[in-house]
Amino acid sequence: WAMMVGLFLFDSADGIIKEVAKMEHIAVEDRMMLAIPADPGSTIQEFIDGTLPMYRQAVFPVAREKRLLGMLILREMRALPQGEWRKKKIADVMRPVIAEHFVEVGTSLGSAKELAVANGIGAVAVIDREGKLVGMIFAKP
């Protein structure tokens, strides 16, 4: 049994290594999802009513005129009392953008997914060479 378990573990590890190596040759722009940005001036209630019913994801980029300003994490937004949803703006509850929240076009998919896991939010925004938001990569599909 020990040999069979060892063989199984070796085969699984080999598959994971091959998958990661394959992701290093794929650029983020080849696999990114369309970015659905939240407007920093919208209220949480407007976002909940207008965006959430159509897009099921846990993280949204916050942008104005395609400039990434931050990340909106739903679990953090939901912690707010419902009575505040009509008063608070997205800008009040977003995480301000930091380097760990985005990658540039041309970055490998493997590197982007690693960053999405490491940053604690499970996603990274993709920006072009001019700094404009063009997509999103999620750590898990």
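The values are calculated or read from the model by the stated rules, or taken from the named source; none is laboratory data. The structure displayed is predicted, hence computed values, not measured ones. Backbone-built Cβ (ideal geometry, glycine too); neighbour counts: all protein chains shown. Heavy atoms of the whole protein, side chains included, go into the accessibility calculation; ligands, DNA and RNA do not. Shrake-Rupley method; radii C 1.70, N 1.55, O 1.52, S 1.80 Å.
Most tightly packed first, judged by the mean number of other beta-carbon atoms within 10 Å of their residues, the peptides 88-100, 105-117 read 105-117, 88-100.
Simple spin-label estimate for Glu76 and Glu100 gives 1.1 nm between the two label positions (7 Å along the Cα-to-Cβ direction from each Cα). Note on Arg75: accessible area approximately 140 square angstrom, rounded to 10, probe 1.4 Å, nucleic acids and ligands left out. A full extension of the chain between Leu52 and Arg86 corresponds to an added length of 10.7 nm, given 0.36 nm per residue minus the alpha carbon distance.
Computed from label points 7 Å out along Cα-Cβ, the spacing between Ser111 and Asp30 is 1.5 nm.
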